[in-house]
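> Can you read through this structure? Questions will come right after.
The values are calculated or read from the model by the stated rules, or taken from the named source; none is laboratory data. The structure displayed is predicted, hence computed values, not measured ones. Backbone-built Cβ (ideal geometry, glycine too); neighbour counts: all protein chains shown. Ligands, DNA and RNA are stripped out before the accessible areas are found, and what is left, the full protein with its side chains, is counted by its heavy atoms. Shrake-Rupley method; radii C 1.70, N 1.55, O 1.52, S 1.80 Å.
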Amino acid sequence: MRDRFEREINYLRISITDRCNLRCRYCMPEDGVEKMEHSSILNLEEMARLVNVAAQAGIHKVRLTGGEPLVRRNISQLIRYIAGLSEIDDIGITTNGILFGAVAEELQQAGLKRVNFSLDSLKSERFRYLTRCGDLEAVKKSIFKAIDLNMHPVKINTVIIGQFNDDEILDFADLAYNYPVHIRFIEFMPVGDLRFWKKERVVSSEEIKSRIESRYKLITARRIAGNGPAKYYQIENGQGSIGFISPMSNHFCGECNRIRLTADGRLRACLYDKTEVDLKTPLRNGASDAELLDLFRKCISKKPAHHEMSSGWGIENERKMYQIGG
Ligand code: SAM
Ligand code: SF4
């Protein structure tokens, strides 16, 4: 379905839980995370039904995110259901990787073909500090497991934070040179726990790229399946590639193709727009597929032209990244 700015909306991201087994400093406060009531969270059958309706609205790509999607039990059942829908040709997850290694085969058998890991440091101590409890070795094992299982593409999302991990830019580039992984550098955004975010800590994609070019030649790459707003480059003679996602320095809203479903059943047309369409209430009150489809259409028709993140959005937004799904 096209929105009023002629963008084709075909991608649904679902935050399947607001819970997480890590506490990344820029995303969640250490304690006092207000968890949603269990009953207010959609169950997996409800999510499956909404994906089915979304498919009728033109969605053919789905990503499960969170919170941490792998803390939710029976996720492979949901993956199996979604992968079995004829309209859906692409299903992925975004995970911090801690639990992935143990369930990788099960997820693959359910129909998962690709995975995005989030990893901001290759130094154990720093990783533990940033995540407040994470074990880097577990994440590394998961990444290599995904490579061994021939999942494709294996992407690693890395948020570069000035004066914190920008000294690791070349280490991440080395990873993409040595292994068939796609490293995507994401500009640090004023969302989540804002005590950690500061304007001076944003390192632009341009700056990151020029630092990588001090070691590697980057060649504009072919499109990678589902590469969304990232700009991709092949590393000359390397196995993987490098991408840049630049929400701060370069609006990519004109090409945005996505909508988002929160764990408590609200549809958002934009990560950065507070407007939400409640699907859970009608769903639980017995709405028909046609009625739910109308609500999807209503949401898509309200999708804003571009985000307002630089105008203090993060401060005003009551919902955090782990609630909407990053
Ligand atoms: N827990 C999963 C994970 O970490 O991959 C999925 C949810 S997490 C909210 C999704 C992504 O959002 C992560 O890659 C994380 O780095 C990113 N993210 C969260 N807060 C961010 C911020 N302030 N700026 C940029 N990216 C952010
Ligand atoms: Fe959890 Fe992902 Fe947020 Fe880190 S970024 S606290 S792993 S939801």
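> Convert each backbone phi in region 69-82 into a coupling constant with the Karplus relation 6.51 cos²θ - 1.76 cosθ + 1.60 (shift: θ = phi - 60°), then list the ³J(HN,Hα) values in order as whole Hz, x for Gly and Pro.
For region 69-82, the Karplus curve yields x, 7, 7, 8, 6, 6, 4, 5, 5, 5, 4, 4, 5, 5 Hz.
> While we're on this one: Go through 179-192, 160-173, 206-219 and give me the packing order, highest mean Cβ count within 10 Å leading.
179-192, 160-173, 206-219
> Next question. If you put +1 on each Lys and Arg Cβ and -1 on each Asp and Glu Cβ, how big is the dipole of the chain around its Cα centre, in Debye rounded to 20?
Charge dipole of the chain: 220 debye, to the nearest 20.
> In Å², what does the accessible area per residue of the chain work out to with a 1.4 Å probe?
Accessible area per residue: 44 Å².
> Ignoring any ligand, DNA or RNA, what whole percent of the accessible area of the chain comes from carbon and sulfur when the probe is 1.4 angstrom?
47 percent
> Counting alpha carbon pairs within less than 8 Å and at least 6 residues apart, what relative contact order, in whole percent, applies to region 57-215?
18 percent
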